[in-house]
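Here the structure comes first, spelled out in structure tokens, and everything after it is commentary.
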Amino acid sequence: MTTIDFTAIPNTSANEIQENVTTHNILVLTLINHYIKQYAKIYPKPIEKSSLDSVQTSKFHRTFSMLALHLIQCPDLTFSELINLITCGKYQLPQTFIQSFYMEVYQMTNTNLNVVTEMFKNLDGSSLNIGLPKVLPVKIINGSSPVGLFLRRVMVFFNKMQFLQTEAVIKEVKIHCSAVLKKIPGLTPKEIVSKEKEDLSPEAIEMVKINKTINEIIEMININYQESSNQNRKYHKTRSWSPRQVELFIAQQVKLLKINESVALDPPTLHKKLKEILRANPDHFDVHYLNYLNCLRVKEYCGAVNSVQHYFSRQTFRVINVDEKSRGYRYTSLNMAILNAFFNHNEEAISYLKESIAVAHQVNDHVCLQHALMWMYTLSKKNKSTMLKCSVTRSKELELHQITSFSLQSMAQYLVENAESPAIVFEILKKSEIYNYFNGLTDLRMTNNVQKAAIWNTYGYQRISTIHSLLVLEHDQCNKEVYNIESKCIAMCNIINDLIAHGDYYLAPILINEVSHIFPYTHCKFWIMAEQYLNFTLAMNREEWPKAELAAKQMATVNVTESALRLGEMYLKKEDFVAATNMVKELMKNNEDNTVLTRLRAYLIVAKANESAALNLLMDAKLIAIEYHLMYMIAIINVEIAIVLMKYDFPHKALRLLQETKQHINCGINVYDKAYTDLQVIKAKMMVNIADEFDHSREFLLKIYNKLNKTAEKFRSIEAITELKEIVYLQALIADELDMKQNRNKHAMEFRHLEEHKVQQ
């Protein structure tokens, strides 16, 4: 009757070691052995209080047990990483224990194989309880515990190793530990060697001489042994990952990429680790999924496609059942569609979706069909309303709560884009919020708040939008177990944009720096856009045209449409009206690529650049804004219409329109818009006063002068030089009219400094 070797893996040669004894294993064994030898065996004995030291406490034994469990489960650590772990203070190990562990490692690296073999014998014979009759009265480690299983597994593989393989492992331990031990303060090799010599008996001295002879023989054998690279490679790094360590590492990294990307390994390091794992465990297909996520972080299309195909092909290859194979094929197509959609390859994504839908129809997989339907809605441009209604009703029937809630939120966005009443939009979002609450969809509650913030901002209620963004961050702080990093990133970037609009140019960079550290790769497009918006706003206000142009062009890496609009604004402020018109004229068209806000901003730029057609363009834009309920945009358009009316000598109508508009603009947070509107109101009042009274009274001029001072302070806070020069010029004229010579000279000097700043630029 043949016996079964449980350490062997099928379809492999019997002599091949499937789980190698590595440097990490030896160091962990040394640490456990040191703990047992020095502390664990004396702990059960009664100790007098006078001799009780901080080491012999129950707290130390608990913390060491947690450390041992971590070292068993984690991937292989280098000796320097192990030192950092035991000295970081997390496990609160006594310094005496750490120092004596260094001494033991030093002795092991400066002696021969007999120290390691003795360590294995001691652990096997005196410390490990494996269910056999006890020889000693006390067994420190239970064989079925995590530490006991680890020791037994390492012992089995150590005993199966050939002599030269064992020597290669010990040599690797010496290479990795010697350089680190030299840097540890407090270790005095001479003292250690002298103590060892004092303790050696004549028999031990004779053994040392024998060991030296053995070492010489081993070195001679190694000359021939190292020539065979295929045999030598398998006893080193390529086999340093066990299947359990791989599973734990993948689970940890996937979770970190989902909840806290800044703590996860950076893409190059993670890619290197994954290559090591694949060399050690080529059949572990989950590694390809993690590599796929890593490629998405840096937007590497070829690597992502290759990883997805490897993951699903190997997963499907292992399955024998026909239904399971079909499931693998349709979800492969669905994931390939999602991947192509991520890289904006919409046509390829739709073709993959059609393939997934066709396979899902054959086996009536309604779950796959609903996922495919939502992605079809996202990518297609026709029949969106029908697809959304089908998705909501069918998902409710199948109790697919996440798809149902997401469909409701998508329907609200669709209604906003199609000029539906705001009351209906927020009613649908309310239903989604209630649905999320009763079904425990906490992450989608955060998404719901982000969407509300976006919709309120579209309608022009910026303060309410800011409140919903803050609710997302508050929700993130209160629910540590629920993560929605995209919603969190968008909310933080919304607050950055609000700070820029408010003129807080010193707080915004601090928050941008924080967001860039939290989201270094995934969702980085949001904070990159916010950073370039800050640079563009500062450059425009300071009339630094090269910097403004650079910031606007860098936006094109994230959003081409926004880049074109910002360039149009820059050319308009530089009074290059032809370039401004050419830059944005394509964005005025009513098509599916241009949103309503994009069209209205393009209308404003073209209207400012073409005075002859300005009024017609502005009235067309106002009608569009009224249709879509965009209240803030209506107010901005009214200000521009009032400016045109003043140019055509209709100051009374202009002033009435500005006074109606001013209230809504002051409800916002944009300091520039508030100050610009105040300046136009002052101009309109001066024109109305001349039309009615043919002259300015002293009281009227004093009142206007004080208002100009307040408006100038707003422009100074945001460093808007062009508008500030205009106000300073008006203040100088009024001060001269009021015979305020000192103020007049002060304003004249300030105007000169602003002009000199412009020349320097």
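The values are calculated or read from the model by the stated rules, or taken from the named source; none is laboratory data. Note that the coordinates shown come from a computational prediction; the quantities given were computed from them, not determined experimentally. Here the Cβ positions follow ideal geometry from the backbone for every residue, glycine too, while neighbour counts run over all protein chains shown. Only protein heavy atoms, including side chains, enter the accessible area calculation; ligands, DNA and RNA are left aside. Shrake-Rupley method; radii C 1.70, N 1.55, O 1.52, S 1.80 Å.
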Inset, instruction - Could you check residue 591 against (1) under 22 Å from residue 675 (Cβ atoms); (2) out of contact with any helix residue (DSSP H, G or I) (no Cβ under 6 Å at 6 or more places or on another chain) and say which number it fails? - result: (1)
Inset, instruction - Determine which member of the set 742, 680, 663 is buried (at least 17 other Cβ atoms within 10 Å of the Cβ) and in a helix (DSSP H, G or I). - result: 680
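Identify, from the list 340, 335, 344, the residue that is at positive phi and either in a helix (DSSP H, G or I) or open to solvent by 30 Å² or more (accessible area, probe 1.4 Å) (or both). Give the derivation first.
Numbers: 340 fails: at positive phi; 335 fails: at positive phi.
Just a single option satisfies the conditions, and that option is 344.
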Inset, instruction - Consider residue 752 carefully, then state whether it is under 26 Å from residue 545 (Cβ atoms), free of Cβ contacts under 8 Å to residues at least 12 places away in the same chain, in a helix (DSSP H, G or I) and in contact with a helix residue (DSSP H, G or I) (Cβ under 7 Å, 6 or more places away or on another chain). - result: no
Legend entry - Single residue of 613, 609 found to be more than 40 Å from the chain's Cα centre (by Cα) and loosely packed, with under 15 Cβ neighbours inside 10 Å: 613
Inset, instruction - List the helices (runs of 4 or more DSSP H) that sit entirely inside the stretch 496-591 and contain at least 1 residues that are of a type in the set (D, E, K, R), under 30 Å from residue 294 (Cα atoms) and not assigned by the TED database to the domain that holds residue 450. - result: 507-518, 524-541, 545-554, 560-573
Inset, instruction - Return the pairs, sorted by first residue and then second, in which the second residue is of a type in the set (A, V, I, L, M) and surrounded by 14 or more Cβ atoms within 10 Å (Cβ to Cβ), the first residue lies in the stretch 574-591 and is over 21 Å from residue 546 (Cβ atoms), the beta carbons are less than 6 Å apart, and the residues are 6+ apart or on different chains. - result: 581/606; 581/609; 587/602; 588/602
Legend entry - Single residue of the stretch 353-409 satisfying the filter (outside any helix (DSSP H, G or I) and among the basic types (Lys, Arg)) that is nearest to residue 451 (Cα to Cα): 381
Inset, instruction - Filter the stretch 446-480 for residues that are open to solvent by 40 Å² or more (accessible area, probe 1.4 Å) and in contact with a His (Cβ under 7 Å, 6 or more places away or on another chain) and give the result. - result: 456
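What residue, of 449, 436, is within 24 Å of residue 631 (Cα to Cα) and part of a helix (DSSP H, G or I)?
Testing whether each residue is within 24 Å of residue 631 (Cα to Cα) and part of a helix (DSSP H, G or I) leaves just 449.
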Legend entry - Filter result for the condition that a residue is open to solvent by 70 Å² or more (accessible area, probe 1.4 Å), polar (S, T, N, Q) and on the phi < 0 side of the Ramachandran plot, over 315, 362, 370: 362
Inset, instruction - Please go through the stretch 480-533 and pick out each residue that is in contact with a helix residue (DSSP H, G or I) (Cβ under 7 Å, 6 or more places away or on another chain) and acidic (Asp, Glu). - result: 498, 531
Inset, instruction - Considering each residue of the stretch 683-719, count those that are basic (Lys, Arg) and assigned to a loop (DSSP other than H, G, I, E, B), and give that number. - result: 0
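Residue by residue, here is whether (1) touching a residue at least 60 places away in the same chain (Cβ under 8 Å); (2) farther than 29 Å from residue 494 by Cα holds:
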{"position": "645", "(1), (2)": "no, yes"}
{"position": "658", "(1), (2)": "no, no"}
{"position": "670", "(1), (2)": "yes, no"}
{"position": "693", "(1), (2)": "no, yes"}
{"position": "723", "(1), (2)": "no, no"}
{"position": "737", "(1), (2)": "no, yes"}
Legend entry - Neighbours by Cβ (under 6 Å, 6+ apart or cross-chain): first from the stretch 161-178, basic (Lys, Arg); second modelled with pLDDT of 75 or more and open to solvent by less than 40 Å² (accessible area, probe 1.4 Å): 174/109
Legend entry - Members of the stretch 162-178 that are of a type in the set (A, V, I, L, M) and modelled with pLDDT of 75 or more: 168, 169, 170, 173, 175
Legend entry - Filter result for the condition that a residue is at pLDDT below 90 and out of contact with any strand residue (DSSP E or B) (no Cβ under 6 Å at 6 or more places or on another chain), over 678, 649, 620: 649
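Going through 392, 416 one at a time, which residue ends up being open to solvent by less than 40 Å² (accessible area, probe 1.4 Å) and within 22 Å of residue 590 (Cβ to Cβ)? Before you say what the answer is, go through the steps one by one.
Details: 392 fails: within 22 Å of residue 590 (Cβ to Cβ).
That would be 416, the only listed residue that is open to solvent by less than 40 Å² (accessible area, probe 1.4 Å) and within 22 Å of residue 590 (Cβ to Cβ).
Residues in the stretch 13-68 that are closer than 30 Å to residue 162 by Cα, modelled with pLDDT of 65 or more and of a type in the set (S, T, N, Q): how many? Walk me through how you get there before you give the answer.
First, the residues of the stretch 13-68 that are closer than 30 Å to residue 162 by Cα: 13-37, 68.
Filter again for modelled with pLDDT of 65 or more, leaving 20-37, 68.
Filter again for of a type in the set (S, T, N, Q), leaving 20, 22-23, 25, 30, 33.
Summing the residues that are closer than 30 Å to residue 162 by Cα, modelled with pLDDT of 65 or more and of a type in the set (S, T, N, Q) in the stretch 13-68 gives 6.
May I ask you to list the residues in the stretch 716-733 that are open to solvent by 40 Å² or more (accessible area, probe 1.4 Å) and closer than 21 Å to residue 575 by Cα? Don't jump to the end; show me each part of the working.
First, the residues of the stretch 716-733 that are open to solvent by 40 Å² or more (accessible area, probe 1.4 Å): 716-717, 719, 722, 726, 729, 733.
Matches in the stretch 716-733: 719, 722, 726, 729.
Among the helices (runs of 4 or more DSSP H) contained in the stretch 201-311, which hold 1 or more residues that are open to solvent by less than 80 Å² (accessible area, probe 1.4 Å) and at pLDDT below 80? Write out each step before concluding.
Numbers: elements: 202-225, 229-233, 243-259, 267-280, 286-298.
Answer list for the stretch 201-311: 202-225, 229-233, 243-259, 267-280.
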Inset, instruction - Determine if the stretch 646-654 includes at least one residue that is closer than 27 Å to residue 497 by Cβ and open to solvent by less than 30 Å² (accessible area, probe 1.4 Å). - result: no
Inset, instruction - Please determine, by comparing only the residues of the stretch 538-567 that are under 19 Å from residue 724 (Cα atoms) and touching a residue at least 40 places away in the same chain (Cβ under 8 Å), which one is surrounded by the most Cβ atoms within 10 Å (Cβ to Cβ). - result: 541
